[in-house]
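Reviewing the structure listed below.
The values are calculated or read from the model by the stated rules, or taken from the named source; none is laboratory data. None of the values given here were measured: they were computed from a predicted structure. Neighbour counts run over all protein chains shown; Cβ positions are idealised from the backbone, glycine included. Just so you know, the surface numbers come from the protein's heavy atoms only, side chains and all, with ligands and any DNA or RNA stripped out. Shrake-Rupley method; radii C 1.70, N 1.55, O 1.52, S 1.80 Å.
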Amino acid sequence: MSLRNLPSVDRLLAQASDVIQAYGRPLTTQALRDVLAEARAQARGAAGNEHLVAPLPDAGELLARARARLAALRTARLRPVINATGVILHTNLGRAPLAASALAQIEAAARGYSTLEYDLAAGERGQRSAQAEALLVRLTGAEAALVVNNNAAAVLLALTALAQGRAVLIARGQLVEIGGGFRVPDVLKQSGARLVEVGTTNRTHLQDYASALDEQVAVVLRAHHSNFKIIGFATEPSLAELCSLGRPVVDDLGSGALLDTAAYGLVHEPTVQESLAAGAGLVCFSGDKLLGGPQAGLIVGRRALVDQLRRHPLARAVRPDKLCLAALHATLLHYARDEATREIPVWRMLAAPLDGLARRAQAWAAELAPNAAVAGARVSVTAGESTVGGGSLPGETLPTWLLALEVAAPNTFAARLRAQPAPVVARVAGDRVLLDPRTVAEAEAPAMLDSLRAVLLEYRTNEP
Ligand SMILES: *Cc1c(COP(=O)(O)O)cnc(C)c1O
């Protein structure tokens, strides 16, 4: 056997009419070249031997490999999944699902032209994001607002515009890393501001800030601890105390609620309004965490500071796109109309009454009982906990009712659930697979039950 026994690209192409039909000639040719190169490399082995260390694939095998490559190319990377984990703001699963009105506005803005930067009455250029910013001002009581691409960009822009070449004070206990590589010290470095850490890991006093204050200090930064919690012997000055230092305070709230989470049996997550009332110069927060909107960074605060950010060249590089602004405006309108807990999915999930969750889990259990019995699985409904996620309310949980499937090899079961045409992401605890109705929309339940039935059926016919 030698490499010359491999078929040529042309010979393979002659047998690949179905593939060419599906993917076109250029892509098919490229895929065949790739699988041939791979086969040559495999046959030669790691050392690149002249005589072959592995058998050569035949034409049928090569065509099958090319087909698989092309199919993978066509499968969308971004697939809808059903989130049965009970983590409401699951960053890996795309954080906040959007309100129906936000989806409608995205569609309308995407389909044709829009007034993105156009003033219809004047017939001339208008300001991008003016409507969303006006609503933010109205909802929070701030003097001015600015929308950027995400909250990491908001913090970077704020520090760059206000403190580049100068110093920023921050408590040592707030030098946090949140998910996805956002580290407060690195963002500070990137902004060109010098970081001045004050206090200790667990305790920082106003006096620590006061003694570090000199004319180099342009900004005091406060960062929400996000997804971790310091418990025990710990203290930090209040925001109002920080504001008494006489420098603009930039408050990175992270999630930044507009509504009071305490109304839903959770601890109180600091609200944007409270930060402003305490005197923060700028408050930065995410659009797709507790706000329940699209990915965005929202900045509200004093007009002079917001304008300084707006005029900075970096603002242009981190500006939001029209789809984001369309969805953000629609989301904010629900707050303005006082219907957020009815219309915004994140708040609907937070506010979901416990008896309703129990009823849904019981209905699922009843539907699946026959399939489970055949598969030798036990279905039940059990009390459990949902979490908020998204860097808000660390350690806080909401009581819920879970559908529990006691199966052999629960991790295999969960993996097969994820492999269904309608993938379902569930939790595994001990010998049970757990599904939380809190994060599964009513409209998703039939598809979720289909996926569960399909996996139960596989379990019956094909022991794990
Ligand atoms: C989530 C978070 C960010 C980053 O927000 P993105 O919108 O994901 O860029 C920054 N700071 C804090 C404290 C956060 O919790």
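Miscellaneous remarks
- The stretch 31-40, subset within 36 Å of the chain's Cα centre (by Cα) and surrounded by 17 or more Cβ atoms within 10 Å (Cβ to Cβ), residue farthest from PRO7 (Cα to Cα): ALA31
- Conditions (1) under 29 Å from SER238 (Cβ atoms); (2) modelled with pLDDT of 95 or more: number failed by GLU269: (2)
- Within the stretch 214-241, restricting attention to residues that are away from the ligand (no atom under 16 Å from the Cβ) and not in a loop (DSSP other than H, G, I, E, B), the residue that is surrounded by the fewest Cβ atoms within 10 Å (Cβ to Cβ) is THR235.
- The residue pairs whose first member lies in the stretch 226-238 and is of a type in the set (A, V, I, L, M), whose second member is modelled with pLDDT of 85 or more and open to solvent by 50 Å² or more (accessible area, probe 1.4 Å), and whose beta carbons are closer than 8 Å, counting only pairs six or more residues apart or on different chains, are ILE230/THR201; ILE230/ASN202; ALA234/ASN202; ALA234/ARG203.
- Residues located in the stretch 181-213, provided they are among the charged types (D, E, K, R) and more than 16 Å from the ligand (Cβ to nearest atom): ARG194, GLU197, ARG203, ASP208
- Of the candidates ALA66, ALA102, ALA96, the single residue that is open to solvent by less than 20 Å² (accessible area, probe 1.4 Å) and not in a helix (DSSP H, G or I) is ALA96.
- Out of ALA22, ALA47, ALA39, sole residue that is within 16 Å of GLU61 (Cα to Cα), hydrophobic (A, V, I, L, M, F, W, C) and either assigned to a helix (DSSP H, G or I) or modelled with pLDDT under 95 (or both): ALA39
- Residues (more than 16 Å from the ligand (Cβ to nearest atom) and at negative phi) located in the stretch 153-180: ALA161, LEU162, ALA163, GLN164, ARG166, ALA167, LEU169
- With respect to the conditions (1) surrounded by fewer than 24 Cβ atoms within 10 Å (Cβ to Cβ); (2) within 29 Å of ARG453 (Cβ to Cβ); (3) under 26 Å from the mean Cα position of the chain (by Cα), MET349 lacks only one, and its number is (1).
- Test result for GLU197, of a type in the set (D, E, K, R), within 30 Å of ARG337 (Cα to Cα) and in contact (Cβ under 8 Å) with a residue 12 or more places away in the chain: no
- ARG25 vs. criteria basic (Lys, Arg), open to solvent by 80 Å² or more (accessible area, probe 1.4 Å), closer than 30 Å to VAL424 by Cβ and free of Cβ contacts under 8 Å to residues at least 40 places away in the same chain: no
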